[in-house]
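See structure below.
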Amino acid sequence: MPHDAPASENALIREETRRRWSLALPALTVITLLSIVPLAVMVAYSFMQAGQYAGVEPGFSLDGWQAVFFERDFFDDSLIPATAHLTILGRSIALALATTALTFVFGIPTAWFIATRPPSSRGFWMFLITVPFWTNLLVRTIAIQEVIRADGTLNRVLLATGIIDEPLQMMFTNGAVLVGMAYVYLPLMVLPVYAAIEKFDFRLSEAAYDLYASRLYCLRRVVLPLMWPGIVAGSILVFIPALGAYVTPRLMGGGRAMMWGNLIDLQFGQGRNWPLGAALSITLTLVVLGALIWYARRTAKKDHANG
Amino acid sequence: MLDIRSLSKKFGSGAGAFHALKSIDITIEEGEFFTLLGPSGCGKTTLLRMIAGFEQPSGGQLVLDGKDIATIPPNHRPVNTVFQSYALFPHMTVAQNVAFGLEARGTNPAEVAPRVDEILEIVQMAHLRDRKSSQMSGGQQQRVALARALAPRPRILLLDEPLSALDLKLRKQMQFELKRLQGELGLTFIFVTHDQDEALTMSDRIAVMEGGTLQQVASPRSLYDHPANRFVAEFIGEANFLPGTIVDGKLFLAGSPPVPLLREKKSRGAVAVMIRPEQVVVGATSEKAITLDGRVESLVFSGTDTHVSLRLQNGTTLSLRSPNTSHAGTALADGQALQVSLPIDALHVLPEETADAA
């Protein structure tokens, strides 16, 4: 009975599909509860009406989204583009890029140092890198403040050694924000880059030297290309949270330069405009998503071009 | 021509220092297939890495074309290596790998592509020029590694156990091809291996090393027929050693009347007499020979012949081959008494080494 075979085959496929779904179920549940549901809540809130005393009230409204892009003119109540938001977004992106660059500059040599230690001591160095993670972000940021404030450790040392005559004003500057951010996010750069260097086969650099490559040429043609995935992973891990950071910019910058994160924080706090806050959050998510898709497409195209 | 002069290498210092190489002297001729052979840890790889420039000698000179290159870094030496692990760049295609040395050296870009094509043609890999190295078999990677090292036209090609990762059949084929390629290019090859069969089939000359010292440098034939010492005799092929004494040009072996030797005229005292298993004759022979009696201890069939282990009356064991022709072979049985002849011409007298001389 030849026509029976496909039927039983279909049953087998159905059975297999059911089994796979049930195996994936726990993971899917966690992802749904912790990632998709909160995101859905934020999307829903952004399309609702602002409550009188914070929160949201039922009912569809585009006010939140409108406020992301437009604001009411103070005099004639007409809609004008919200250029302030664009400035803040630009500033956040600039800060996140600068943070990524700074963690790159300090993270690569650090990761290289750890990865080239004897295997027995690598664990110790990695432990030192992860120690700051055990401390609350707030405490860490205040510790940095303690170092760079007017009568802080750094100024006292510089004064005592006679390098400077009067304390340097370092707190509440863009530099202070950058230092604080780089300090907080450095481990996120070090870990993936370390993993990439540790996997690197140093016999390849030996082969490159054998084939007339200088150290710099070997670094450019062999070491960096093979470390690239680690560098990209580290940069993404630093860039994305840095884009939404609000504690460090506020504490280190004194709240003088508002970041996108502070803007969101403001809407959920004093501003009592949850739909706007939710819409601003979703906007940031879309910006990040757009950037990642752009990057993924670009690399796919480049790989294709390389054959 | 590469002249290795009293080259030594010491790792560590003081009492704990390890002498990887103890004053090595070798002259490698132009266009020669030269093999460094020895068990692991004998210093052959250290010597190769020193010629490549990855290790600095503790003493001695490396003279290439009249110039001491011992302190020149690897990227300035006209010497390329085929690595044991191949060490192909995994993010590059076959063609990019092969072009690497040319590009790193700053070769005119217009000349790179033709050279890459030419060399890929030679190693028969032109059809895979756009593959990544991770998508290739061991044998193919081997060919690419060879092409990559040959592309910049080195003065000497170094090969660090390049065939050890291949299966037997492929290894045999690559041995043949390497030898052919070396002959066609007329290039000096320095080949490192621990496999004596490989060394014997491929080399013009072989340097046998042990414990950081050179045991003997000679052609394969001469190494096999006239080993300088017991280590070489045992490492190259199979050997029987019989304790004996030479007095007034006469050899005294236990269980046999004294026989006059052709080459030895003086007294040498205690010696070891070496004979290859295939030169032992079952029964009597018309040649001048020593006859010994023994009892068959074991028989191992191995296709063309049977490996016989004979317990001699004086207690030593003698290995020999009994050819499996239709009329022979069947005659032998376990425990059977057997008379064998050792032709005088096949006997090789070595100094008796009581302690480890190396």
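What dipole magnitude, in Debye to the nearest 20, does segment A:83-305 give about its Cα centre under +1 on Lys/Arg Cβ and -1 on Asp/Glu Cβ?
500
Just how many % of Cα pairs in segment A:2-80 lie over 14 Å apart, if you round to the nearest whole percent?
The answer is 78 percent, as a whole percent.
Where Lys and Arg each count +1 and Asp and Glu each count -1, what net charge lies around B:Asn240 among other residues with Cβ under 11 Å from its Cβ?
Summing Lys and Arg as +1 and Asp and Glu as -1 gives -2.
Taking the Cβ of B:Val217 as the centre, find all other residues whose Cβ is under 10 Å away and add up their charges (Lys, Arg: +1; Asp, Glu: -1).
Net local charge, B:Val217 excluded: 0.
Extending each Cα 7 Å along its Cβ direction at A:Thr116 and B:Asp25, get the distance between those two points in nm, one decimal.
4.0
List, largest first, the extents of the alpha carbons of segment B:1-120 along their principal axes, each in whole Å.
On the principal axes, segment B:1-120 reaches 53, 32, 24 Å in Cα extent.
Ignoring solvent entirely, what values of log10 I(q)/I(0) come out of the Debye formula for segment B:81-222 at 0.14, 0.17 Å⁻¹ when each Cα is a single scatterer?
Listed by q, the Debye log ratios stand at -0.67, -0.94.
Give me the percent relative contact order of chain B, please, defined on Cα pairs under 8 angstrom at least 6 residues apart.
15
Taking only the alpha-carbon atoms of segment A:201-307, what semi-axes of the equivalent ellipsoid follow from 5 times the gyration tensor eigenvalues under a square root, in whole Å, largest first?
For segment A:201-307, the semi-axes come out at 43, 18, 8 Å.
Once the convex hull of the C-alpha atoms of the protein assembly as shown is built, how many Å³ does it hold per residue, rounded to a whole number?
332
Could you calculate the FRET efficiency of B:Asp334 with B:Asp195 from 1/(1 + (r/R0)^6), where r is the beta carbon distance between them and R0 is 25 Å, rounded to 0.05?
0.15
Compute the signed sum of charges (Lys and Arg +1, Asp and Glu -1) over the other residues within less than 14 Å, Cβ to Cβ, of A:Glu57.
0
In Å, what Kirkwood hydrodynamic radius results for chain B from the alpha-carbon pair distances?
Result for chain B stands at 23.3 Å.
List the pair-distance distribution P(r) of segment B:133-199, using every Cα-Cα distance, as the percent of pairs falling in each 10 Å bin from 0 up to the bin containing the longest distance, rounded to whole percents.
Whole-percent P(r) values from 0 Å outward: 18, 57, 24, 1.
When the Karplus curve 6.51 cos²θ - 1.76 cosθ + 1.60 is applied with θ = phi - 60°, which whole-Hz ³J(HN,Hα) does each residue of segment B:73-87 get, with x for Gly and Pro?
Ordered by residue, 3J(HN,Hα) equals x, x, 6, 10, 9, x, 9, 10, 10, 9, 7, 4, 8, 6, 6 Hz.
Using DSSP loop states and a limit of at most 15 other Cβ atoms within 10 Å to flag chymotrypsin sites (Phe, Trp or Tyr not before Pro), what is the longest stretch of chain A containing no flagged site?
The longest uninterrupted stretch comes out as A:76-307.
Just the projected area, averaged over all directions, of the convex hull on the alpha carbon atoms of segment A:83-305: how many nm²?
Across all orientations, segment A:83-305 yields a mean hull projection of 16.9 nm².
So how tilted is helix B:138-150 from the main axis of chain B? Cα-based, degrees 0 to 90, rounded to 10.
With both axes taken from Cα atoms, the answer is about 70 degrees.
Could you calculate, for segment A:151-203, the ratio of the Cα radius of gyration to the Kirkwood radius, expressed as Rg to Rh?
1.27
How big is segment B:174-271 by the Kirkwood estimate over distinct Cα pairs, in Å?
In segment B:174-271 this quantity evaluates to 16.0 Å.
Give me the summed buried accessible area for the A-B pair, 1.4 Å probe, to the nearest 100 Å².
The contact between B and A buries close to 2000 Å².
Among A:Leu276, A:Leu266, A:Leu292, whose mean-square fluctuation peaks in a Gaussian network model of chain A (Cα, cutoff 10 Å)?
A:Leu292
Hey, with R₀ at 56 Å, roughly what FRET efficiency would A:Phe127 and B:Ser309 work out to, going by the Cβ-Cβ distance, to 0.05?
0.40
Per-residue HN-Hα couplings for segment B:222-239, Karplus 6.51 cos²θ - 1.76 cosθ + 1.60 at θ = phi - 60°, whole Hz, x for Gly and Pro?
6, 5, 6, 7, 10, x, 6, 7, 5, 4, 5, 4, 7, 6, 9, x, 9, 9
Expressed as a whole number of Å, what is the distance separating the alpha-carbon centroids of segment A:162-178 and segment B:84-152?
55
Amide H neighbours of A:Met48 under 5 Å, at least 5 residues apart or on other chains, H built in the peptide plane: list them.
For A:Met48, the qualifying residues are A:Ser61.
Can you give me the accessible area per residue for the protein assembly as shown, using a 1.4 Å probe, in Å²?
52
Using a 1.4 Å probe on the protein chains only, how many percent of the accessible area of the protein assembly as shown belongs to carbon and sulfur?
Of the solvent-accessible surface of the protein assembly as shown, carbon and sulfur hold 61 percent.
The values are calculated or read from the model by the stated rules, or taken from the named source; none is laboratory data. Model, not experiment: these values are computed from the prediction. In this analysis, Cβ positions are derived from the backbone assuming ideal geometry, glycine residues included, and neighbour counts consider all displayed protein chains. Side chains are part of the model used for accessible areas, which takes the heavy atoms of the whole protein and leaves out ligands, DNA and RNA. Shrake-Rupley method; radii C 1.70, N 1.55, O 1.52, S 1.80 Å.
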